[in-house]
Structure formats: structure tokens, C-alpha cells
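The values are calculated or read from the model by the stated rules, or taken from the named source; none is laboratory data. Since this is a predicted model, take the numbers as computed values, not measurements. When we count neighbours, we look across all protein chains shown, and the Cβ atoms used for this are built from the backbone with ideal geometry, even at glycine.
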Amino acid sequence: MKGKKVLASVLSVSVLSIYPLIGSFAKPIQNPALPTDEVLPISVPVNQASYLSFSGTVKEIEARQPAGMEGLKYVFVENEEGQEAYFVISPDTYILNEEELEVGANITGFYDASKPMLMIYPPQYPVEVIAVNQDDNIKLDVFDQDLVSADGMLKLNISAETEIVAQDGTTYEEELSNKKLVVLFGSSTKSIPAQTNPIKVIVLQEDNDENSDGNLETPGKPFDDSETKHLGLIVNGKKIQAPNAYLNSQGTAMVPLRPIAESLNLKITWNKDLEQVTVDNNIILTIGQDAYIGSDSKVISLGTSPELKNGTTFVPLNFFSEVLREAAVSIER
């Protein structure tokens, strides 16, 4: 893989992360069936796109099996400008037309830009939708009651010719508003939002997990007392309500990250695809990896990896003094 200077790497990642999704469309083409330059009388702010895309040619496909992230595929993609990226593909990734991914294919991956990502080069995008050798324009977004995308850039004019299907390919006959849609379309108007008669609309399956907003770990059952030695948890001199701390097989005290962080008014974000936790948007840790990225972007080893136990992320006790440096955390024996 090409070597990159550090400065060039950071700039490349920044550029990749701010490409608007509308940039993946072909230039608007006038369609006599649609108004051409009219601005719709709909009060829709043009917001920053939540779903962005990256297009390129597949150079390599890896079936990695890192601890805690079994079943993921890493697809190395390079675009015409020489920019590179990895698509992280999980079993939940939707591939249009169930096309096979192979080296040499031209693909576009769509990912949620609001989720935290490691600032590394090449960037790693946990893609939700992939299009393979697709000529039509494609948009992934949530559409409101007027069928205007959340970023305010596209309005759908559904016609009798529009094919509307569920993710499993069956005909979809329910409301499209407030659903995550994959939209395939040809021409669009030059208005804002642009209007189009979509060729096909695919309604993605809703995540029924109560934590589907991606901010929480999957809830789990209570610990079995026979499995671990339970320890109470004290933060800044006060005992907090939380899953009990415990000693792991090496005798290291492991404490639940979320309740401690929230007691300190710190934001916790969970990326279920990568099994990564972000603390206050600048500290990142990955389940099963003793490589904690601090607020200064330096990688810190604590001698113990974070663990996901019954749906809760646990970190070694020294995480708070060595990485977070925020609070006095102790255990009550």
C-alpha cells in the first residue's frame, strides 16, 4: 500500500469526511416531467448530510477476524484521485441487488458520518449500504412526511412507475415517511431541494433494538455471582448505582465505563459495528484491544483490554487515571 506523509494523511481524512452525499449524484438533468428551476415552498433547512459516500475500485478484500469483531470484511477501495479507504462490512450491511464483491468492481459505500471514527489513514468506514457497478444516482437518508431528505437536498415525487420494496425484496405498501430509504433515481431538477421521480425505493429494515440509536451497548442479563467476584464502585467519594466491578482472570479490577462517565457528565457513544466506544468525542477504545486512543491522539497501553460483558463495556480501573485523567475511581471490597 502507498506510504503517506503524516500531514497528507490528516488532510486526506479531513477531505474524505466532509464530502457531501449529494456529490455522489450525477449533475442534475432537466426533465420536462418535472419543474426545472422552481424552489419548493417547503420550509426545509439544508442541513449537513448524515450519510456520506465514498466511491472507488476494489483493490483488496480481507476477511479479518479481530477479537470481538468476528464476521467483518474489510474492503480496500481506491478512487480515481488516488484517495484510499477501507469499507468495514458487517452481516447487516445491505448490498444492492445482492451483487458479489470482487477485486476490480466499482463500488460506492454509504456510511453514517455522525458516528465516531478513528482518525487514521486510510479511513475505515462502517458502511450500511453498498452499490456495485451501479449507473443510477443513489441517495441514502431518512425522509420526512413531505418525502424530503433529512439534509434538505432531495424531494421524492413518487409515481406509479416507482418500484417500492422492502429490504428483503418484497413489495412495500406502508408509509415512507420517517424511514431510512435507499433511493435510485435518474434525473433531478436544479431546485433546492432537488426533485426527482425515483426509479426504485428500498425501505431498509428498522433496528428493533431499544438502543438502535447507536449510543448504547446492547443490554444484557445480570452477572452470575458464580462467574466473577463482585466489587462495589465509588466515584469521587460516592458510591454509584452501576453493574458491579469485578476481578478478571488476571486479577485486574474491571469497572463499568458508562455509569462512571455519565456520573462525570461525559458523553459515551457506542459503535456496534466496530465495537468501539468514544468518550466525549476524543477518546476511543475498542473491545478486545489494549490500545486506548487518548485526547491527544496518542495510543496508550494499559496491559488489559476493555471487555464487553453481558452488554456492558468494562475497562481496567487505571483507565481513569492513565487515559481519562478525570476522576478518583475506587472499588469497595
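Tabulated values for the structure
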item	result
Qualifying positions in the range 238-295 - modelled with pLDDT of 85 or more and aromatic (F, W, Y)	W270, Y292
Every residue from the range 168-194 that is assigned to a loop (DSSP other than H, G, I, E, B) and of a type in the set (S, T, N, Q)	T170, S177, N178, S187, S188, T189, S191
Single match in I120, I107, I158 (criterion: in the same structural domain as E84 (by TED's automatic domain parsing), under 30 Å from V277 (Cβ atoms), assigned to a loop (DSSP other than H, G, I, E, B) and not hydroxyl-bearing (S, T, Y))	I120
Qualifying residue in the range 156-171 (condition: buried (at least 21 other Cβ atoms within 10 Å of the Cβ) and either aliphatic (A, V, I, L, M) or modelled with pLDDT of 90 or more (or both))	yes
Hits in the range 195-209 - residues which are more than 20 Å from F110 (Cβ to Cβ) and part of a loop (DSSP other than H, G, I, E, B)	N197, N208, D209
Complete set of residues in the range 99-114 that are out of contact with any Leu (no Cβ under 9 Å at 6 or more places or on another chain) and either at pLDDT below 90 or aliphatic (A, V, I, L, M) (or both)	E99, E100, L101, V103, A105, S114
Selected residue (criterion: nearest to P243 (Cα to Cα)) from residues of the range 290-308 that are in contact with a strand residue (DSSP E or B) (Cβ under 7 Å, 6 or more places away or on another chain) and either assigned to a strand (DSSP E or B) or aliphatic (A, V, I, L, M) (or both)	E307
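Matching residues to (1) without any contact (Cβ under 8 Å) to a residue 24 or more places away in the chain; (2) assigned by TED's automatic domain parsing to the domain that holds I234; (3) surrounded by 20 or more Cβ atoms within 10 Å (Cβ to Cβ):
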site	(1), (2), (3)
K267	yes, yes, no
D280	yes, yes, no
I284	no, yes, yes
D290	yes, yes, no
G294	no, yes, no
K298	yes, yes, no
